[in-house]
Amino acid sequence: MNKFIPYSTQEVTDDDKQAVARVLSSDFLTQGPEVENFESDINKWCGSNYSLAVNSASSGLHLACVALKLGEGDYLWTSPNTFVASANAALHCGAKIDFVDINKSSYNLCEQKLEEKLKAAAENKKLPKIVMPVHYSGQPCNMAKIYELSKIYNFKIIEDASHALGATYNKDKIGSCKFSDITVFSLHPVKIITSGEGGIITTNCNELFTQLKLLRSNGITRNKNQFLYSSHDDWFYEQHCLGYNYRMSDINAALGRSQLKRLKSIVDRRKFFAKRYNQKLKGLPIILPFCNGKHTSSNHLYPIKLDSTQLRKKIFYYLRSKNIGVNVHYIPVHWHPFYRKLGFSQGQYINSEEFYGVTLSLPIYANFSIDAQDYVVNHITKFFDNKLYEEG
Ligand SMILES: *Cc1c(COP(=O)(O)O)cnc(C)c1O
């Protein structure tokens with residue numbers, strides 16, 4: 001039996017280890033110079049004015065909502081085809097959550113459905129304060145259209161780009177915030193690069209940046225220029241708002257920053273394996289992942305679609321029995337018991353539900369190998385050629 005092949009995993013090099021070891025022998029373990037350097041490297045990569053490292057994307061999404069003053073009585077709309085953290089961020093603010101179903105081919109929040117829902121919401125005076133598109137699998141959403149709608153219906157945009165570090169929209173990097181107020185990346189080990197746990201927020205707005213920075217550190221500022229009461233003493237600091245401790249440590253930042261140096265290579269290798277899957281799986285009775293020629297995906301996931309729920313279940317267990325860590329992304333958020341208690345039910349967002357029923361994420365990651373990929377491809381081919389789906 002081969003070694004277990006996960007659907008995604010981190011790549012940690014000797015350089016990464018040395019970068020972390022250097023921090024361990026330095027003066028700072030908590031947020032220090034390495035965090036600042038990491039943030040400035042992120043700005044260089046994304047083309048953003050400001051960036052903030054935080055301890056997870058979940059924290060980052062929450063902070064983004066707080067900074068945009070989402071609160072009681074407000075609505076945030078997101079896609080049901082996402083990790084629960086996207087929707088939870090709104091609930092943490094005491095706001096209400098609603099969903100916009102996905103497009104059948106891109107699996108991303110559908111901009112036509114968004115427009116229809118906005119029209120209806122304008123009549124009921126229930127327009128969202130924030131819309132949070134999620135770049136599912138690393139494939140960018142239709143940001144220009146969502147941005148255009150935000151100008152008509154007056155909402156803010158947070159990109160949940162947890163999957164999409166290294167992806168591009170037109171010629172711009174995701175994270176440039178050209179069509180959004182705030183972008184959030186995840187640095188969890190299954191994502192594009194990792195800091196252990198971690199997240200990154202980018203924005204071009206100085207006011208939001210100042211607010212986010214306060215919120216990240218318990219609402220505290222040590223910047224004398226920001227003080228509301230004058231004090232010339234060096235021990236002084238002021239709390240200006242109710243914040244959190246969402247800081248990233250220098251240990252994590254060193255790992256993230258070292259990984260960021262080879263982001264291009266990491267994304268190129270994911271791209272290589274995605275293309276290779278496309279070639280090898282062509283001709284089998286499966287639908288290959290959506291690909292928009294105009295924008296480039298970071299290929300965080302490689303989601304295929306099967307002809308039926310039954311077939312997906314069979315191939316899932318078949319591949320798992322071969323030590324292949326296929327997975328399913330995502331259980332529609334509104335299906336979770338917690339969300340049902342809020343009043344959501346099955347059948348509400350049918351495209352997301354149908355997609356969930358038939359999708360399967362195949363292994364893909366930067367240090368995947370040709371041998372491991374061939375092993376996966378051969379088993380998928382065998383499953384269909386030998387009609388293994390007729391068994392059991
Ligand atoms: C991973 C993920 C998150 C949460 O990221 P953490 O860094 O683990 O908090 C949020 N949204 C999406 C779409 C994700 O995939």
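The values are calculated or read from the model by the stated rules, or taken from the named source; none is laboratory data. Here the structure is a predicted model, which means the values were calculated and not measured. Every residue, glycine as well, gets a Cβ built from its backbone with ideal geometry; the counts of neighbours run over all protein chains shown. Note: accessible area is taken over every heavy atom of the protein model, side chains too, but ligands, DNA and RNA are not part of it. Shrake-Rupley method; radii C 1.70, N 1.55, O 1.52, S 1.80 Å.
For region 152-166, a residue qualifies if it is without any contact (Cβ under 8 Å) to a residue 40 or more places away in the chain and under 15 Å from the mean Cα position of the chain (by Cα), and the qualifying residues are ILE157, GLU159, ALA161. If we scan region 295-312, do we find a residue that is assigned to a strand (DSSP E or B) and farther than 28 Å from ALA87 by Cβ? Within region 295-312, none of the residues are assigned to a strand (DSSP E or B) and farther than 28 Å from ALA87 by Cβ. Applying the criterion of being of a type in the set (Ser, Thr, Tyr) and out of contact with any strand residue (DSSP E or B) (no Cβ under 6 Å at 6 or more places or on another chain) to the residues of region 190-211, the residue that is farthest from ASN223 (Cα to Cα) is THR194. Residue check: PHE368 meets all listed conditions (1) of a type in the set (Phe, Trp, Tyr); (2) more than 17 Å from LYS280 (Cα to Cα); (3) surrounded by 19 or more Cβ atoms within 10 Å (Cβ to Cβ) but one, namely (2). Looking at this structure, is ILE158 of a type in the set (Val, Ile, Thr) and either more than 16 Å from the ligand (Cβ to nearest atom) or assigned to a helix (DSSP H, G or I) (or both)? Answer is no for this residue. The residue pairs whose first member lies in region 167-186 and is over 26 Å from LEU70 (Cβ atoms) and polar (S, T, N, Q), whose second member is in a strand (DSSP E or B) and open to solvent by 20 Å² or more (accessible area, probe 1.4 Å), and whose beta carbons are closer than 6 Å, counting only pairs six or more residues apart or on different chains, are THR168/THR296. When residues of region 178-193 are filtered for being more than 9 Å from the ligand (Cβ to nearest atom), under 11 Å from the mean Cα position of the chain (by Cα) and assigned to a strand (DSSP E or B), how many remain? Counting residues in region 178-193 that are more than 9 Å from the ligand (Cβ to nearest atom), under 11 Å from the mean Cα position of the chain (by Cα) and assigned to a strand (DSSP E or B) gives 1. The test for being out of contact with any Leu (no Cβ under 7 Å at 6 or more places or on another chain) and within 20 Å of ASN43 (Cα to Cα) does not hold for LYS305. Return the only residue of TYR339, TYR356 being in a helix (DSSP H, G or I), among the aromatic types (Phe, Trp, Tyr) and open to solvent by 20 Å² or more (accessible area, probe 1.4 Å). Checking each option against the conditions leaves just TYR356.
Going by the conditions given, is ALA64 surrounded by fewer than 24 Cβ atoms within 10 Å (Cβ to Cβ) and in contact with a helix residue (DSSP H, G or I) (Cβ under 8 Å, 6 or more places away or on another chain)?
Working: surrounded by fewer than 24 Cβ atoms within 10 Å (Cβ to Cβ): no; in contact with a helix residue (DSSP H, G or I) (Cβ under 8 Å, 6 or more places away or on another chain): yes.
So ALA64 fails the test.
Within region 194-226, the set of residues being of a type outside the set (Asp, Glu), part of a loop (DSSP other than H, G, I, E, B) and in contact (Cβ under 8 Å) with a residue 40 or more places away in the chain comprises THR194, SER195, GLY196, GLY198, ASN204, CYS205. All of (1) in contact with a Leu (Cβ under 8 Å, 6 or more places away or on another chain); (2) open to solvent by less than 20 Å² (accessible area, probe 1.4 Å); (3) part of a strand (DSSP E or B) hold for GLY175 with one exception: (3). State whether the residues of region 337-355 include one that is out of contact with any helix residue (DSSP H, G or I) (no Cβ under 7 Å at 6 or more places or on another chain), in contact (Cβ under 8 Å) with a residue 24 or more places away in the chain and aliphatic (A, V, I, L, M). There is at least one residue in region 337-355 that is out of contact with any helix residue (DSSP H, G or I) (no Cβ under 7 Å at 6 or more places or on another chain), in contact (Cβ under 8 Å) with a residue 24 or more places away in the chain and aliphatic (A, V, I, L, M).
Quick one: is GLY175 within 16 Å of the chain's Cα centre (by Cα) and at positive phi? Against the criterion (within 16 Å of the chain's Cα centre (by Cα) and at positive phi), GLY175 qualifies. Taking every residue in region 122-151 that is without any contact (Cβ under 8 Å) to a residue 24 or more places away in the chain and pairing it with any residue that is open to solvent by less than 10 Å² (accessible area, probe 1.4 Å) and hydrophobic (A, V, I, L, M, F, W, C), at least 6 positions away or on another chain, the pairs with Cβ-Cβ distances below 8 Å are SER150/VAL131; SER150/ILE157.
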